[in-house]
There are 2 protein chains.
Amino acid sequence: MLHARIVRLEVIDLRFPTSDTLDGSDAMHPDPDYSAAYVRVLTDHPTLEGRGFTFTIGRGTDLCVAAVRLLEPLVVGRTLASIKGDMRGFWRTLTSDSQLRWVGPEKGVVHLATAAVVNGVWDLLAKAAGEPLWKHLCALTSEELVAAIDFRYITDALTEDEALAILRAEEPHRAERMRHIASHGYPAYTTSCGWLGYSDEKIRRLCRESIAEGFNHFKVKVGADLADDIRRVGIIRAEIGPTRKLMIDANQRWDVGEAIQWTNALAQFDLWWIEEPTSPDDVLGHAAIARAVAPIGVATGEQCQNRVMFKQLLQANAIEFCQIDACRLGGVNEVLAVLLMARKFGVRVCPHAGGVGLCELVNHLVHFEYCAITGSDEGRVCEYVDHLHEHFEDPCVVRGGRYQSPNMPGYSSDIKEETLRAFAYPNGSEWLRRRAEAAPVGAQL
Amino acid sequence: MLHARIVRLEVIDLRFPTSDTLDGSDAMHPDPDYSAAYVRVLTDHPTLEGRGFTFTIGRGTDLCVAAVRLLEPLVVGRTLASIKGDMRGFWRTLTSDSQLRWVGPEKGVVHLATAAVVNGVWDLLAKAAGEPLWKHLCALTSEELVAAIDFRYITDALTEDEALAILRAEEPHRAERMRHIASHGYPAYTTSCGWLGYSDEKIRRLCRESIAEGFNHFKVKVGADLADDIRRVGIIRAEIGPTRKLMIDANQRWDVGEAIQWTNALAQFDLWWIEEPTSPDDVLGHAAIARAVAPIGVATGEQCQNRVMFKQLLQANAIEFCQIDACRLGGVNEVLAVLLMARKFGVRVCPHAGGVGLCELVNHLVHFEYCAITGSDEGRVCEYVDHLHEHFEDPCVVRGGRYQSPNMPGYSSDIKEETLRAFAYPNGSEWLRRRAEAAPVGAQL
């Protein structure tokens, strides 16, 4: 199957009308329509097709779709074998187009599009191998894994030799860990209880349900109003009791000084981390906050644009929890770089998930990380949000508060055909229906 | 005229085929087609129209054009009076769209588009006042200037009160400085001599011409090959003599360690600054380089995405020269924030220019900065590249190595109608002609 050649990328602007229900609302994103620039990587093989996407929240998805189309000529014509044989070069081809990089570089729309394409190619490779992505990654040698990483701009924090040494030292344990995680899963935490916009009653009910489901870590959105936050965080702490972990998430709402004051005002509720206290660009700001709110840890990463920013967050002791995003970093290749840097700096990776499809993707990443890099899930949790999984062919499964191991070949990124038809924007059947309903009577012709 | 209302944005994808001649080639961008997402801000006033743009280098311009169209609903319907009365709020409206910010935030394609729109609105305001932008800015009170700045994420480096104090202290000197700069101009440096891809002979000739024109500062592109750099930098130092300033520009080619070694290998030529030694995202890397190559100064900024990154470059003592870009920062409002932070931290602003139209824009910015913030051009220079000025209605003029003061109302961003018709991409007359010439005989039908 490695002789298969990529012949075309088909890109779909996929949007779910989640703003109707306030699912996913936070202090900076009050009305998200969970969306994806969804890429089908078509090959000349009769059945082999890769699927990748980047997660967005509505407007702007079209920009990512257009950016994927600009990347398409860099991918079409490549065989899987040629890509697999030069993963680092392939990745750099996408991130270093001499004209396109000007409107990044390696950030924003073009980097999100890179993620969609790169993830689609990894899905393709895993499917060609007949393995779920995490097992496909575990089947690669340490040398092959390192050969997928572009070390440009990070060698002052992690050299290729250091990365190789980390992987080689863990390689003998991989098989045993794969068996272990396949039977035990990986710890998850839930954000479903504490979105802004939910009523107190709904929060209480969701907390109780989550405890019954086996969750031990709970996250709540804060940052819009301190009095309201104290009330809501207090409700959740009361519901979950003194021993379960409680985290707060400000979604970049604050300046540095404000973040310190606000977090310390909520410290009475025994917080495990403060997430996204300020601008995702502010490495030094996060470091200042980390010093001022300890022992509460600082967490960030869902909008951390690339490995260069994560490198600095680690170098500056700015984060205790590294929240990689499978679709904001430039796909699997760049995720590998960050996982290895985090390991070197002794920082725990607790991936961002939720949105649409992020849980499906990061489940593979934490599985791989456990088996090949850390061998531990101690004090580590992967975010879980119970939204939109029904649209996936291989939805993630969380049982007893733990992610179960994916088993289908690929990166679990296949979205059902009927979903693609219904939620393609603006002319999918669901969007046409909604516009027809919204139109005044008589205007529907 | 402040009752005029914005009715529409017209956006043009404008591209010049500069890759033919290697003008503007550097280590990371070997074949740029200088381009712009060019915005006409149309009003209900019969003659009043604003013009703004963001500079790009070819592919990806279409993404910025599409992003401007997404911003259009945030602007249309606003009167000039309502914008002028709430400049900070207007700016934050553009940068904080709850869905669109996900694909930034405040970086890459969406922020470049923001710059185009914001610059177009300032052009409109200056034209409505009948003043060139720099004089229009100088006519604003310190309070009005501060009210244009979004201090979100920078208050730990510069508060509103501090900004106001800086401006107020300088306000009594503005009128005198305006007279002074109108007769003396502002010092420029030239990058035209030292692009990669130029022959030695061409470099020598251009150096001599530039000296004859009155330039005292020269910049050369480096980073592709050390032996070649030593030869080319040596040629320029020999041509310009021992007293003129010589700067090198690596356009992000190096990792941190490599930047230190390479720069020190060229230090023999008495360098004033090393520009863009590494990733524009690497604040801590620039700081490490700055410590290791002193007394050579570190300069960066043309791809510094926003005020939050500039804040950190200043906080970390990472730069001696702050190279704002009029089109990468989110327009005039965000430039004001960076000018004031640089002043507080005692760092010289030496704007990035060149491309298409950047010289026209930054000339206004250095004029304003001189009059209202620093009162000094000592050790400060503004980049000048002698390309594409012929397409502007009010081209910048550099005489005796100094930028002359712009006099026409607006931000000097009006591009000639015939240029817009010829270089609109892909169907402007010049692009049609080139494709017809490139097509094989018989295929032109």
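State whether the residues of segment B:225-247 include one that is crowded, with 21+ Cβ neighbours inside 10 Å and small (Gly, Ala, Ser).
Checked against the condition, which is being crowded, with 21+ Cβ neighbours inside 10 Å and small (Gly, Ala, Ser), segment B:225-247 yields no hits at all.
Can you confirm whether A:Ala163 is in contact with a Leu (Cβ under 9 Å, 6 or more places away or on another chain) and not assigned by TED's automatic domain parsing to the domain that holds A:Asp62?
Yes.
For A:Gly401, are the conditions met, namely being over 23 Å from A:Ile149 (Cβ atoms) and without any contact (Cβ under 8 Å) to a residue 60 or more places away in the chain?
no
Determine, yes or no, whether A:Thr155 is of a type outside the set (D, E, K, R), within 14 Å of chain B (Cβ to nearest Cβ), free of Cβ contacts under 8 Å to residues at least 60 places away in the same chain and over 28 Å from A:Thr54 (Cβ atoms).
no
Could you list, in sequence order, the residues of segment A:154-165 that are surrounded by fewer than 21 Cβ atoms within 10 Å (Cβ to Cβ) and part of a helix (DSSP H, G or I)?
Correct list: A:Glu160, A:Asp161, A:Glu162, A:Leu164, A:Ala165.
Collect the residues in segment B:68-101 that are more than 24 Å from the chain's Cα centre (by Cα) and more than 7 Å from every other protein chain (Cβ to nearest Cβ), keeping them in residue-number order.
B:Pro73, B:Leu74, B:Val76, B:Gly77, B:Arg78, B:Thr79, B:Leu80, B:Ala81, B:Ser82, B:Gly85, B:Asp86
Taking the residues in segment A:406-439 that are part of a helix (DSSP H, G or I) and among the polar types (S, T, N, Q) as candidates, determine which candidate is nearest to the chain's Cα centre (by Cα).
If we take residues in segment A:406-439 being part of a helix (DSSP H, G or I) and among the polar types (S, T, N, Q), then A:Thr419 is nearest to the chain's Cα centre (by Cα).
Which of the residues spanning segment B:174-218 are outside any helix (DSSP H, G or I) and of a type in the set (A, V, I, L, M, F, W, C)?
B:Ala188, B:Cys193, B:Trp195, B:Leu196, B:Phe215, B:Phe218
Kindly provide the set of residues from segment B:71-89 that are part of a helix (DSSP H, G or I) and surrounded by fewer than 22 Cβ atoms within 10 Å (Cβ to Cβ), ordered by number.
Within segment B:71-89, B:Glu72, B:Pro73, B:Leu74, B:Ala81, B:Ser82, B:Ile83, B:Lys84, B:Arg88, B:Gly89 qualify.
Which one of these is in contact (Cβ under 8 Å) with a residue 40 or more places away in the chain and within 11 Å of another protein chain (Cβ to nearest Cβ): A:Gly120, A:Gly104, A:Gly108?
Criteria check complete, one pass: A:Gly108.
So if I check each of B:Pro46, B:Pro30, which one is over 21 Å from A:Ser19 (Cβ atoms), surrounded by fewer than 16 Cβ atoms within 10 Å (Cβ to Cβ), under 22 Å from the mean Cα position of the chain (by Cα) and in the same structural domain as B:Val118 (by TED's automatic domain parsing)?
B:Pro30
Tell me, which residue of segment B:359-408 that is within 23 Å of B:Phe55 (Cα to Cα) and of a type in the set (Phe, Trp, Tyr) is surrounded by the fewest Cβ atoms within 10 Å (Cβ to Cβ)?
Across segment B:359-408, the extreme among qualifying residues is B:Phe392.
Restricting the search to segment A:1-57, which residues are more than 10 Å from chain B (Cβ to nearest Cβ), among the charged types (D, E, K, R) and part of a loop (DSSP other than H, G, I, E, B)?
Correct list: A:Asp23, A:Asp44.
Checking A:Ala353 against (1) touching a residue at least 60 places away in the same chain (Cβ under 8 Å); (2) assigned by TED's automatic domain parsing to the domain that holds A:Asn216; (3) of a type in the set (Gly, Ala, Ser), which test does it fail?
Against the list (1) touching a residue at least 60 places away in the same chain (Cβ under 8 Å); (2) assigned by TED's automatic domain parsing to the domain that holds A:Asn216; (3) of a type in the set (Gly, Ala, Ser), A:Ala353 comes up short only on (1).
Specify which of the listed residues (A:Val256, A:Val283) is in contact with a Gly (Cβ under 6 Å, 6 or more places away or on another chain) and closer than 29 Å to A:Glu106 by Cα.
A:Val256
Just the residues that are touching a helix residue (DSSP H, G or I) at 6+ places or on another chain (Cβ under 7 Å) and away from chain B (no Cβ under 12 Å), please, taken from segment A:271-287.
Passing the criteria: only A:Ile274.
Go over the candidates A:Ser98, A:Ser142, A:Ser82 one by one and state the one that is in contact (Cβ under 8 Å) with a residue 24 or more places away in the chain and out of contact with any strand residue (DSSP E or B) (no Cβ under 6 Å at 6 or more places or on another chain).
Exactly one of A:Ser98, A:Ser142, A:Ser82 is in contact (Cβ under 8 Å) with a residue 24 or more places away in the chain and out of contact with any strand residue (DSSP E or B) (no Cβ under 6 Å at 6 or more places or on another chain), namely A:Ser142.
If you take the residues in segment B:248-268 that are out of contact with any Pro (no Cβ under 6 Å at 6 or more places or on another chain) and of a type in the set (A, V, I, L, M, F, W, C), which one is surrounded by the most Cβ atoms within 10 Å (Cβ to Cβ)?
In this case the residue turns out to be B:Ile248.
Here are some residues: B:Gly194, B:Gly234, B:Gly223. Which one is on the phi > 0 side of the Ramachandran plot and either at pLDDT below 95 or in contact with a helix residue (DSSP H, G or I) (Cβ under 9 Å, 6 or more places away or on another chain) (or both)?
Exactly one residue qualifies, and that residue is B:Gly223.
Conditions tested, residue by residue: (1) free of Cβ contacts under 8 Å to residues at least 12 places away in the same chain; (2) within 18 Å of the chain's Cα centre (by Cα); (3) within 14 Å of chain A (Cβ to nearest Cβ).
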{"site": "B:Gly223", "(1), (2), (3)": "no, no, yes"}
{"site": "B:Ala238", "(1), (2), (3)": "yes, no, no"}
{"site": "B:Asp249", "(1), (2), (3)": "no, yes, no"}
{"site": "B:Ala259", "(1), (2), (3)": "no, no, yes"}
{"site": "B:Thr263", "(1), (2), (3)": "no, no, no"}
{"site": "B:Ile289", "(1), (2), (3)": "no, no, yes"}
{"site": "B:Ile296", "(1), (2), (3)": "no, no, no"}
{"site": "B:Gln303", "(1), (2), (3)": "no, yes, yes"}
{"site": "B:Asn306", "(1), (2), (3)": "no, yes, yes"}
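The values are calculated or read from the model by the stated rules, or taken from the named source; none is laboratory data. This is a predicted model, so every value here is computed, not measured. Note that we place each Cβ from the backbone using ideal geometry, even for glycine, and neighbour counts take in every protein chain shown.
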